[in-house]
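Enquirer: My questions all concern the structure below.
The values are calculated or read from the model by the stated rules, or taken from the named source; none is laboratory data. Here the structure is a predicted model, which means the values were calculated and not measured. Glycine gets a Cβ as well: all are built from the backbone with ideal geometry, and neighbour counts include every protein chain shown. Heads up: the accessible areas ignore ligands, DNA and RNA and are worked out on the full protein's heavy atoms, side chains in. Shrake-Rupley method; radii C 1.70, N 1.55, O 1.52, S 1.80 Å.
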Amino acid sequence: MLRLSESVQDYLKAIFELHQESERVTTNALAARLGVSAASVTGMLRRLAELKLVEYEPYQGAALTLSGKRIALEIIRHHRLIELYLMEVMGYSWDEVHAEAERLEHAVSQAFAERIAQLLGDPKVDPHGDPIPTREGEMPLASRRTLVDAPTGAMLCVQRVRDEDADVLRRLAALGLFPNTCFVVKTVNPERNSRVLHLSNGAEVEVEDSLAQNVFIQDVPAASGSALR
Ligand SMILES: [Zn+2]
């Protein structure tokens, strides 16, 4: 990786992640994501455009160039491998690893990240269910459907959960909602802004909409053969 400052790396990662949520990555969305002013975003986007890492036209939003995307995917690979390492090897809990990985992702070398990957047997997903980009910079598209969109009666599974908010992760863990947990939505309670899920382990849990927004779902994977008992 070129010698890029932490803040450049954070911008590339934020543009990549915002682009997964919507086609256009606006200055305002970036400012909100990174907690900086729109003016400083504009300044940085000009710099990144000069470095040919970003394509940027005022009022058109920003997009990563091929080299910008490659760097973003490498940082994301580091981040997700570190999260898994902290959990599997160092005994961190899943609500502690994101903040630690945010710092370490910039510090580790590519060789260090590859040693982690080797040690963990080339893992495909991180502790929150997010796909780990391959060494070659490929990553499958993750689900954008959240639990709020889940219809009643159908069997579905958690694919991944948002990892930024430690409190959200603790609340999900308390309910037993982890990646690969399958469930049926029994009832939706609009007046309570919540829904009741019947989990495949037999438990029934009530999930508020504000929490459900952080849970991305998928149909039951064909090979899992999981069934409600
Ligand atoms: Zn994370």
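Enquirer: How many of the residues making up segment 188-217 are surrounded by 16 or more Cβ atoms within 10 Å (Cβ to Cβ), part of a strand (DSSP E or B) and of a type in the set (D, E, K, R)?
Expert: Total satisfying the criteria: 1.
Enquirer: Could you check, for segment 23-42, whether at least one of its residues is within 16 Å of the ligand (Cβ to nearest atom) and crowded, with 20+ Cβ neighbours inside 10 Å?
Expert: No, segment 23-42 contains no residue that is within 16 Å of the ligand (Cβ to nearest atom) and crowded, with 20+ Cβ neighbours inside 10 Å.
Enquirer: Test residue 189 against the stated conditions and say whether it is more than 16 Å from the ligand (Cβ to nearest atom) and touching a Lys or Arg at 6+ places or on another chain (Cβ under 7 Å).
Expert: The answer is yes for residue 189.
Enquirer: Please go through segment 157-183 and give me each residue that is of a type in the set (Phe, Trp, Tyr) and part of a helix (DSSP H, G or I), ordered by number.
Expert: Within segment 157-183, none qualify.
Enquirer: Then there's this: May I ask you to list the residues in segment 133-146 that are closer than 18 Å to residue 220 by Cβ and within 16 Å of the ligand (Cβ to nearest atom)?
Expert: Scanning segment 133-146 gives a single hit, 142.
Enquirer: Right, another one. If you check residue 11 against the conditions, is it within 16 Å of the ligand (Cβ to nearest atom), crowded, with 20+ Cβ neighbours inside 10 Å, without any contact (Cβ under 8 Å) to a residue 60 or more places away in the chain and assigned to a helix (DSSP H, G or I)?
Expert: Spelling it out, it is not the case that residue 11 is within 16 Å of the ligand (Cβ to nearest atom), crowded, with 20+ Cβ neighbours inside 10 Å, without any contact (Cβ under 8 Å) to a residue 60 or more places away in the chain and assigned to a helix (DSSP H, G or I).
Enquirer: So, in segment 118-127, exactly how many residues are within 11 Å of the ligand (Cβ to nearest atom) and open to solvent by 10 Å² or more (accessible area, probe 1.4 Å)?
Expert: 1
Enquirer: Restrict the check to segment 99-117 and report whether at least one residue is assigned to a loop (DSSP other than H, G, I, E, B) and within 13 Å of the ligand (Cβ to nearest atom).
Expert: No.
Enquirer: From 95, 149, 165, 130, which residue is within 12 Å of the ligand (Cβ to nearest atom) and either open to solvent by 60 Å² or more (accessible area, probe 1.4 Å) or assigned by TED's automatic domain parsing to the domain that holds residue 15 (or both)?
Expert: Checking each option against the conditions leaves just 165.
Enquirer: Further, regarding this structure: Collect the residues in segment 69-83 that are open to solvent by 20 Å² or more (accessible area, probe 1.4 Å), touching a helix residue (DSSP H, G or I) at 6+ places or on another chain (Cβ under 8 Å) and more than 10 Å from the ligand (Cβ to nearest atom), keeping them in residue-number order.
Expert: Listed by number, the residues that qualify are 69, 74.
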